[in-house]
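As structure tokens, the structure follows; a few thoughts come after it.
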Amino acid sequence: MPTKTYAGKTVEVTDEGFLVNPDDWTEDMAPEIAKEEGIEELTDMHWKVIRFMREDFKERGQIPSIRRMKNVGGIPTADLYKLFPGAPAKKAAKIAGLGKPEGCV
Amino acid sequence: MKKLLILGAGTAGTIMANKLAPVLDKSEWEITIVDREEIHYYQPGFLFIPFGIYTREDIIKPKRDFFPPGVEVIMSEIEQIMPDDNKVKLSNGKILPYDYLIIATGSRVNPAEIEGLLDGGGWRQNIFDFYTPDGALALAKYLKYWEGGRLVVNVAEMPIKCPVAPLEFVFLADWWFTEQGIRDKVEIEYVTPLPGAFTKPRAAKFLGNFLEKKNIHLTADFNIARVDAGKNKIVSWDEREVEYDLLVTIPTNMGADVIARSGMGDDLNFIPTDKHTLQSKKWENIFVIGDATDLPSSKAGSVAHFEAEVLYENFLRAIDGRPLLPKFDGHANCFIESGFGKGILIDFNYDVEPLPGKYPLPGIGPFSLLEETRMNHWGKMMFRWVYWNLLLKGSEMPIEAQMNMAGKRQ
Ligand SMILES: Cc1cc2nc3c(=O)[nH]c(=O)nc-3n(C[C@H](O)[C@H](O)[C@H](O)COP(=O)(O)OP(=O)(O)OC[C@H]3O[C@@H](n4cnc5c(N)ncnc54)[C@H](O)[C@@H]3O)c2cc1C
């Protein structure tokens, strides 16, 4: 398994760079992962998404889909695409230290 | 008396009734099956309707022709499942208690999920679906008189049932417009949220080449946000636009509404199900089969058939108090109609993507995997006969439920 160092901590990642153990993740790693994904600064809006994803994952053991973020998290899909351009579900999950979302092929 | 209740008498529910009725002891078991529709639609046939290859008569039969003797049939809307009480409520208020429940309520398209699709003014004017009998029939009428322009085929989001059907649609469209002598007046564009033509890399590449060969333009990674029916264009979340004269949409596929009403599904009303045993993840006496599950396999009739073999065994084990066997491997087998009397066949499971080779007899065939042949086209057309006469009846078929590596080349 490859490893990466974020915020001074070395963690296991998959070939595609997703954290293997969501529990390894701490909030101070997020800005560094975000930079690698081309997001220079994490705003409050970004954090709202990241925190919702973390909490929902803790509760249900599953990475929330874009639809769930809209229906349950109250995050409009258009916002998600602006915050995490390209592939929001994948990028946000990566920055939140979660695995690769299942629906993503 | 113990009660087995089957919800939904489409492909999967009908197969399960036919498999279980002959083996469950009649002095011990009562089997009931519920569906709201008297007509059984052969859904794979929807693909051929827009091009006048099948008519409505070719794809319908009465559901009642397919139920085994000794099964109680109730034609009614299912209002709600109450899994904690082992009860199901029908729309007339009648309560059906059960010991075991098999849910086979399928999936359906929900155009209301996409802004402007149903309510923008274009629906069934120059926007059609072919995943419903009404949509396919309306599209047939429209195509008959269409003089050409930009045909855009858009898959709204994954997963959809029969994920190859939209590709088959563009292949057939290319053939049909050629036959009509207007291919030079039609531009065909295939717009998908996937990064390529299909979900699995090797098949995606193979099928992508076909699109190119047939001069069908591929727009990938397109996640539709809305339809601007006034301006005849679809717009993605990242503000890309594709213009159309005729839009054929595969709207969001969702599990049955009753699953949402019962609080048993995920965001798309698919039921969390063990992907190897087909038992509900939450309730021990509930099994789920066919399109209704949240399995990461294709949603197809062939898959329902393979699942049925596993569910049959596991159901009998469950009532005997034996542990379930994790035998479902995600096996799918799909004929892909590629136009001009030819077809392609793919065979794959959770772990193995479609590979070239021969099927079902290794080295012999008669069908060829990941290859375009006339024989594969006949397989596709024969499937209707197989569906009505063997598959729905739960008959043994000369193919294994689990995918077989023999006959495949790496
Ligand atoms: C255009 C198209 C092409 C396809 N091509 C192929 C192909 O080539 N090969 C292939 O293998 N598969 C194909 N499929 C897929 C295949 O038809 C389905 O995967 C299969 O029918 C699923 O079976 P099912 O029993 O899960 O659902 P269904 O057969 O859809 O049955 C669900 C049943 O539940 C009933 N129901 C739902 N809710 C309620 C309620 N509240 N009350 C009462 N009844 C209810 C419905 O009336 C229905 O009869 C295609 C599908 C489409 C749309």
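B:ARG124 to B:PHE340: extension gain in nm, 0.36 nm per residue of separation minus the Cα-Cα distance? Could the numbers behind the result be given before it?
On the way: separation 216, 0.36 × 216 = 77.76 nm, distance 2.77 nm.
Separation in residues times 0.36 nm, less the Cα-Cα distance, equals 75.0 nm.
Roughly speaking, what % of Cα-Cα pairs in region B:261-331 are separated by over 15 Å, rounded to a whole number?
48
Quick one: Karplus J couplings for region B:184-195, per residue in order, coefficients 6.51, -1.76, 1.60, θ = phi - 60°, nearest Hz, x for Gly and Pro?
Whole-Hz 3J(HN,Hα) from phi for region B:184-195: 6, 9, 10, 9, 10, 10, 9, 10, 9, x, 6, x.
Mind checking A:63-69 for the average number of partner chain beta-carbons within 10 Å of each residue's beta-carbon?
Per-residue shielding by partner chains comes out at 3.
Between the DSSP loop rule and a limit of at most 15 other Cβ atoms within 10 Å, which GluC sites (Glu not before Pro) in region B:210-319 are left?
Passing sites in region B:210-319 are B:GLU239, B:GLU284.
Pick out which of B:THR105, B:THR192, B:THR219 has the largest mean-square fluctuation in a Gaussian network model of chain B, springs linking Cα atoms closer than 10 Å.
Of the options given, B:THR219 has the highest mean-square fluctuation.
Mind telling me which of A:LEU80, A:LEU19, A:LEU42 comes out most flexible in a GNM of chain A, alpha-carbon contacts under 10 Å?
Looking only at A:LEU80, A:LEU19, A:LEU42, the biggest GNM fluctuation is shown by A:LEU42.
Please report, to two decimal places, log10 I(q)/I(0) for the protein assembly as shown at q = 0.12 Å⁻¹ as given by the Debye formula with identical point scatterers on the Cα atoms and no solvent.
Here log10 of I(q) over I(0) equals -1.23.
May I ask you to list, by number, the DSSP H helices of chain B whose Cα span along the axis is at least 24 Å and whose average Kyte-Doolittle hydropathy reaches 0.0 or more?
B:301-319
Around B:TYR244, under 11 Å between beta carbons, what's the net of Lys plus Arg minus Asp minus Glu among the other residues?
Taking every Cβ under 11 Å from that of B:TYR244, the sum is -3.
Would you mind counting up the charge near B:SER107? Only other residues with Cβ under 10 Å from its Cβ, with Lys and Arg at +1 and Asp and Glu at -1. The partial results should precede the final answer.
Numbers: positive: B:ARG108, B:LYS161, B:LYS299; negative: B:ASP291.
Result for the neighbourhood of B:SER107: +2.
What angle, in degrees between 0 and 90 and rounded to the nearest 10, separates the Cα long axis of helix A:44-60 from the longest principal axis of the Cα atoms of chain A?
Around 80 degrees separate the two axes.
One-quarter of the Cα convex hull surface for chain B, in nm²?
Mean orientational projected area (chain B, Cα hull): 19.5 nm².
Springs between alpha-carbon atoms under 10 Å, Gaussian network over chain A: tell me which of A:VAL13, A:VAL49, A:VAL72 tops the mean-square fluctuations.
A:VAL72
Calculate the length of the line joining the C-alpha centroid of region B:155-223 to that of region B:56-76, in whole Å.
34
Taking each pair of different alpha-carbon atoms in chain A once, compute 1/r for the pair, average those values, and report the inverse of that mean as the Kirkwood hydrodynamic radius in Å to one decimal.
Final number for the Kirkwood radius of chain A is 13.6 Å.
Treat each spin label as a single point 7 Å out from the Cα along the C-beta direction, and report the B:GLU77 to B:ASP238 distance in nm.
4.2
What do you get for Rg/Rh over region B:1-112 if you use C-alpha atoms and the Kirkwood form of Rh?
Taking Rg over the Kirkwood Rh, I get 1.03.
Long-range amide H contacts for B:LEU345: which residues qualify at under 5 Å (H placed 1.01 Å from N, peptide plane, sequence gap of 5 or more or a different chain)?
Those lying under 5 Å, H to H, from B:LEU345 are B:ILE336, B:LEU370, B:GLU371.
Around B:GLY120, what is the net charge, scoring Lys/Arg as +1 and Asp/Glu as -1 over all other residues with Cβ under 9 Å from its Cβ?
Net charge in that neighbourhood comes out at -2.
Quick check: pseudo-label points 7 Å beyond the Cα along Cα→Cβ at B:ASP221 and B:GLN410, how many nm apart are they?
It works out to 3.2 nm between the two label points.
In Å, what is the Rg of the alpha-carbon atoms in region B:332-391, and how long is Dmax?
Rg, Dmax (Cα atoms, Å): 11.4, 32.
When the gyration tensor of region B:111-249 is built from Cα positions, what are the square roots of 5 times its three eigenvalues, in whole Å, from largest to smallest?
Equivalent-ellipsoid dimensions as semi-axes: 20, 20, 14 Å.
Which trypsin sites (Lys or Arg not before Pro) in region B:203-272 pass both tests, a DSSP loop state and at most 13 other beta-carbon atoms within 10 Å?
On the way: sites: B:LYS205, B:LYS213, B:LYS214, B:ARG226, B:LYS231, B:LYS233, B:ARG240, B:ARG261; in loops: B:LYS214, B:LYS231, B:ARG240.
Of the trypsin sites (Lys or Arg not before Pro), the ones in loops of region B:203-272 whose Cβ has at most 13 other Cβ atoms within 10 Å are B:LYS231.
Each value in this text was obtained by applying a stated rule to the coordinates, not by laboratory testing. The shown structure was predicted, so the numbers you read here are calculated from the model rather than taken from an experiment. All Cβ positions, glycine included, derive from the backbone under ideal geometry; neighbour counts span all protein chains shown.
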